[in-house]
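The values are calculated or read from the model by the stated rules, or taken from the named source; none is laboratory data. What you see is a predicted model, and the numbers here were worked out from it, not measured in a lab. Cβ: placed from backbone, ideal geometry, glycine included. Neighbour counts: every protein chain shown. Heavy atoms of the whole protein, side chains included, go into the accessibility calculation; ligands, DNA and RNA do not. Shrake-Rupley method; radii C 1.70, N 1.55, O 1.52, S 1.80 Å.
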Protein chains: 2
Amino acid sequence: MSKLASQVGTSTDTLRYYERIGLLPEPDRSPAGYRLYGDDAADRVRFIKRAQRFGLRLEEIGELLQIREQGLCPCGRTKRLLEERVAELSEEMAALQRLRDDIEQMLDEHLPGADGDGWQCGSSLIQIGRRPNTERGNHRECF
Amino acid sequence: MSKLASQVGTSTDTLRYYERIGLLPEPDRSPAGYRLYGDDAADRVRFIKRAQRFGLRLEEIGELLQIREQGLCPCGRTKRLLEERVAELSEEMAALQRLRDDIEQMLDEHLPGADGDGWQCGSSLIQIGRRPNTERGNHRECF
DNA sequence: CTACGGGTTGGAGTTAACTTCAAGGTCAAG
DNA sequence: CTTGACCTTGAAGTTAACTCCAACCCGTAG
């Protein structure tokens, strides 16, 4: 199980949680009761992760997975909503660009050429853009 | 207060929450104690929203705002983290594109030309990509 | 005047998405 | 046979980010 977890960059707990809420189908088991995943499982989890970054909630992602895999259509309205959401993507990406520009400007203006340490630290901890669980590289030791 | 809230698309509660946790400075008050915001407030909230879509936590956004407005540098490491995060942006946007392609493919394959209603609804509710608070257009009445 | 739609507060409640826990079973290495 | 790293379960706990509540004040319209 931790094999799949590390493949897709989550914890085993998260995988079991996804299974509980129905995002992952119950996998086959070994004689001892251990979960045995196929390759599709990794795909599925990666789809979930992508959809999360896209701003969808797990419940909504579950519906998408149903559509994707069974051709099950919740209703005509759903199609419209999906289309709207897809249409919003370019606006979304433009916003990302704007934020990146903001941040790059900050880097230029306020942190010119400071590549190492030795700065006055007025602020405690910062660790950018990683959900608290994400494992490797605990950059948190600002002090 | 609700004027600013509707300008930036949040609730007054959220604005007061941001103020409580230090993301928004305490604004001037009218004689009666009402909050009086300047235009910079809207800018600030919009920056917060963008940064949230970017995947940052409010605590981290607070640090960014400090850097942005006071040139205060938490430490050298922060610069590196910011740069890393900025560098991740293109990967992020590529992932978004991939997801959009997934969704568009689903639309093509499973929902061909169904523009209206009258479909069999096998699934309960879906409302794509909007945080529960976001107000206008309650498409939730799938049934 | 009262009604009504705003505003104010502190604190409590909610939601999504994990995360941890206790208590145990499995299994290859030493 | 024991140690240690894995796996199992249901249930309870945690965290971030709101969201709601009671109880009150302000200002205008009728």
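Some notes on this structure:
- Under-5 Å amide H pairs with B:Gly22, H placed in peptide plane, nonlocal only: none
- Multiplying the residue separation of B:Lys49 and B:Gln105 by 0.36 nm and subtracting their alpha-carbon distance yields 17.2 nm.
- Highest-first packing order for the peptide set B:13-23, A:22-32 is B:13-23, A:22-32, based on the mean count of other beta carbon atoms within 10 Å.
- Remark: C-alpha extents of the stretch B:1-72 on the principal axes read 36, 25, 19 Å, sorted largest to smallest.
- For the chain pair B and A, buried accessible area totals roughly 7200 Å², probe 1.4 Å, rounded to the nearest 100.
- Overall, the stretch A:2-72 carries a charge dipole of about 280 debye about its Cα centre when +1 sits on the Cβ of Lys and Arg and -1 on the Cβ of Asp and Glu, all other atoms neutral.
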